[in-house]
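As structure tokens, the structure follows; a few thoughts come after it.
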Amino acid sequence: MIDAVDNDTALEEVLAFLEEPPIPGSPDDARFGARLRQVLAASIIDEPENEDDPVPRAELPLDDDLRRRLEKVARHHASNPFGDHPDGIGPTLGMNLRK
């Protein structure tokens with residue numbers, strides 16, 4: 001199990017892993033994946049519930065370039081047996097799931 005850290009520490013670890021990527025399948029690689037998911041989740045901005053409410057802020061604001069880079073790394077790091085579909089749908093009836 002991966003130990004819990006605050007979002008700022010997770011971002012620091014992700015940036016360090018980007019400079020020196022871990023070996024795939026290693027414990028560091030698993031920690032990198034967990035920290036990457038944590039950083040991306042903390043950077044999401046929720047929609048306001050009412051139009052009169054102020055626009056919520058992300059817990060961990062990221063600039064657009066860094067966010068795009070992290071999302072690209074996350075897609076590459078994730079193993080999706082169904083492939084990457086732009087709408088994020090899973091397998092459908094009649095889909096060939098053999099490798």
If a residue has to be open to solvent by 100 Å² or more (accessible area, probe 1.4 Å) and at pLDDT 70 or above to count, how many in segment 58-88 make the cut?
-> 8
Which numbered condition trips up Asp53, out of (1) under 12 Å from the mean Cα position of the chain (by Cα); (2) at pLDDT below 85; (3) open to solvent by less than 80 Å² (accessible area, probe 1.4 Å)?
-> (1)
Identify all residues within segment 1-25 that are outside any helix (DSSP H, G or I) and among the hydrophobic types (A, V, I, L, M, F, W, C); write none if there are none.
-> Met1, Ile2, Ala4, Val5, Ile23
Regarding Arg37, is this residue out of contact with any Gly (no Cβ under 6 Å at 6 or more places or on another chain), within 16 Å of Glu71 (Cα to Cα) and of a type outside the set (A, V, I, L, M)?
-> yes
Picked from segment 6-20 (must be open to solvent by 40 Å² or more (accessible area, probe 1.4 Å) and under 16 Å from the mean Cα position of the chain (by Cα)), the residue farthest from Leu60 (Cα to Cα) is Ala16
When (1) more than 18 Å from His76 (Cβ to Cβ); (2) not in a loop (DSSP other than H, G, I, E, B) are applied to Asp28, the one that fails is (1)
Please determine, by comparing only the residues of segment 27-50 that are open to solvent by 60 Å² or more (accessible area, probe 1.4 Å) and of a type in the set (Val, Ile, Thr), which one is modelled with the lowest pLDDT.
-> Ile45
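The values are calculated or read from the model by the stated rules, or taken from the named source; none is laboratory data. Worth saying up front: this structure is predicted, and the values here are computed from it rather than measured. A quick note on method: Cβ atoms are made from the backbone with ideal geometry, for glycine too, and the neighbour counts reach across all protein chains shown. For accessibility, only protein heavy atoms count, side chains too; no ligands or nucleic acids. Shrake-Rupley method; radii C 1.70, N 1.55, O 1.52, S 1.80 Å.
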